[in-house]
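The values are calculated or read from the model by the stated rules, or taken from the named source; none is laboratory data. Not measured: the values here are computed from a predicted model. Glycine gets a Cβ as well: all are built from the backbone with ideal geometry, and neighbour counts include every protein chain shown. We work out accessible area using only protein heavy atoms, side chains counted, and drop any ligands, DNA or RNA first. Shrake-Rupley method; radii C 1.70, N 1.55, O 1.52, S 1.80 Å.
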Amino acid sequence: MKRIKGGEEASSGESPPEACKKLRREVSEESEAKAAGESPLCDWSLLPQEILLHIFQYLPLLDRAYASQVCRVWNEAFHMPELWRCFEFELNQPASSYLKATHPDLIKQIIKRHSNHLQYVSFKVDSSTESAEAACDILSQLVNCSLKTLGLISTARPSFMEVPKSHFISALTVVFVNSKSLSSLKIDDTPVDDPSLKVLVANNSDTLKLLKMSSCPHVSPAGILCVADQCHGLRELALNYHLLSDELLLALSSEKHVHLEHLRIDVVSENPGQHFHTIKKSSWDAMVRHSPKFNLVMYFFLYEDEFGPFFNDEIPITHLYFGRSVSKEVLGRVGLHCPRLVELVVCANGLRPLDEELIRIAKHCTQLSAIGLGECEVSCSAFVEFVKMCGRRLSQLSIMEEVLIPDHKYSLDEIHWEVSKHLGRVWFPDMMPTW
């Protein structure tokens, strides 16, 4: 117990002498109870199971296993079905990862005693093929469970892509067939294919609401179209641009389909000069009419000469991210053809100032509330004008300090005052990117 200087009271409201007397009295009563053969005042084994369950849910898995060895009651709590509904398998090879891994003996115990209790399951694996194959082996044994969510997460490539396709598909099919109420499926960077998606649809078409499958090269536009045609409750969808088609957008806009909430498209160039198809404006218009509040999130990782098919007509993008250098011309087209834009991030542009493009975006993108600029250049005067036009709706303004070029009106020391005035809050340029 800490000494209290100046006669101050202890944090509990008692003076130090009173606190000491109370502690001695409790210790004395507990000693007397033990001597009389009675249970001590604090018998942790008598905690109600619902409280033990609540405590166990906050413990890391290994600590939870240790705690189960304390007494019979705690061991019973450790095996309560409610504790195993949500579980993440961490599979890492010690030689290639510093992350902790779920102990193999514990995995065997989970599959033996709790596989039928699992409902919300994810697998986090490192880049090794061994870890991905171990995940497939576990999936193959989940024959007695009906999952509601499944996530396959690779912390680094190649992971699942290096697993034999037949092994992966066989394991995934076990889950698809036995889970009749799967609502969320995240299988990015995996060798999933069209036939396995048909199995998914055949068994879970009424319940599937979220599907994330970016970077799945064995899936064709016809395969994802089958999902959209049958899964009318689908609310969130994430995929690569090569799977996006006019037919898919029209299927998602049909009267039988619920209102889509989020559509994420990754536009990635694997080789310089890659060709990309064009989506018709009428298809996007149909989506907006059917789901007027849906978010269209697009990530672009293209080379500058590959943007030809994009932003030539109005497109309902709400969140737009450029991961590579993008030209002034493309940003100018964004300002003209993205009226629903809410968030814009430009990681790089080059050495030509974006003054006109930024002003155009502020003028036409009236819902813009967040912007981030990295390796770009904007004059201080143009930036102040942009902020002035957007006003206080800019809730997120992340601009690197080196982006701003001093001019005859504002220096770097002056600009934060002017920008703060128009934002209605204190603002300073960032020293490093925050996106």
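Kindly establish whether D430 is at pLDDT below 90, over 19 Å from H364 (Cα atoms) and open to solvent by 40 Å² or more (accessible area, probe 1.4 Å). Answer is no for this residue. Taken over the stretch 201-210, the criterion of being assigned to a loop (DSSP other than H, G, I, E, B) and under 22 Å from the mean Cα position of the chain (by Cα) is satisfied by T207, L208, K209.
Inspection of the stretch 367-375 identifies at least one residue that is assigned to a loop (DSSP other than H, G, I, E, B), in the same structural domain as Y303 (by the TED database), open to solvent by 80 Å² or more (accessible area, probe 1.4 Å) and within 16 Å of H319 (Cβ to Cβ). Filtering the stretch 348-358 to residues that are in contact with a Gly (Cβ under 8 Å, 6 or more places away or on another chain) and open to solvent by 40 Å² or more (accessible area, probe 1.4 Å) leaves only E356. If you check I51, I111, I107 for being at pLDDT 60 or above, outside the structural domain of I153 (by the TED database) and assigned to a helix (DSSP H, G or I), only one passes: I51.
Among the residues of the stretch 164-176, those that are farther than 18 Å from C231 by Cα and open to solvent by 10 Å² or more (accessible area, probe 1.4 Å) comprise P164, K165, S166, H167, I169, S170, V174.
Comparison of S179, S159, S146 shows that the only residue that is in contact with a Lys or Arg (Cβ under 8 Å, 6 or more places away or on another chain), modelled with pLDDT under 95, small (G, A, S) and open to solvent by less than 10 Å² (accessible area, probe 1.4 Å) is S179.
Among helices (runs of 4 or more DSSP H) entirely within the stretch 211-328, having at least 2 residues that are open to solvent by 10 Å² or more (accessible area, probe 1.4 Å), closer than 18 Å to R340 by Cβ and in contact (Cβ under 8 Å) with a residue 12 or more places away in the chain singles out 281-290.
Quick one: is Q93 surrounded by 11 or more Cβ atoms within 10 Å (Cβ to Cβ), modelled with pLDDT under 80 and either farther than 26 Å from C145 by Cβ or not basic (K, R) (or both)? So Q93 passes the test. Tell me yes or no: at least one residue of the stretch 192-205 is open to solvent by 40 Å² or more (accessible area, probe 1.4 Å) and touching a strand residue (DSSP E or B) at 6+ places or on another chain (Cβ under 9 Å). No, the stretch 192-205 contains no residue that is open to solvent by 40 Å² or more (accessible area, probe 1.4 Å) and touching a strand residue (DSSP E or B) at 6+ places or on another chain (Cβ under 9 Å). Please determine, by comparing only the residues of the stretch 186-219 that are among the polar types (S, T, N, Q) and in contact with a helix residue (DSSP H, G or I) (Cβ under 6 Å, 6 or more places away or on another chain), which one is nearest to S128 (Cα to Cα). Result: T190. The set of residues from the stretch 387-435 being in a strand (DSSP E or B) and either touching a Gly at 6+ places or on another chain (Cβ under 9 Å) or not assigned by the TED database to the domain that holds E356 (or both) comprises Q396, L397, S398, I399, M400, D430. Among residues of the stretch 169-189 that are on the phi > 0 side of the Ramachandran plot, those with a beta-carbon under 8 Å from a residue that is of a type in the set (K, R) and at pLDDT below 90 at least six positions away or on a different chain give the pairs D189/R157.
Scanning the stretch 70-90 for residues that are in a loop (DSSP other than H, G, I, E, B), at pLDDT below 85 and either of a type in the set (S, T, N, Q) or open to solvent by 60 Å² or more (accessible area, probe 1.4 Å) (or both) yields a count of 1.
When K421 is tested against (1) at pLDDT 95 or above; (2) open to solvent by 80 Å² or more (accessible area, probe 1.4 Å), just one condition goes unmet, and that condition is (1). Scanning the stretch 329-347 for residues that are within 25 Å of S379 (Cα to Cα), in a loop (DSSP other than H, G, I, E, B) and open to solvent by 30 Å² or more (accessible area, probe 1.4 Å) gives P339, V342.
Out of all the residues in the stretch 57-69, which are touching a residue at least 24 places away in the same chain (Cβ under 8 Å), open to solvent by 80 Å² or more (accessible area, probe 1.4 Å) and farther than 19 Å from Q119 by Cα? Within the stretch 57-69, just L62 meets the criteria.
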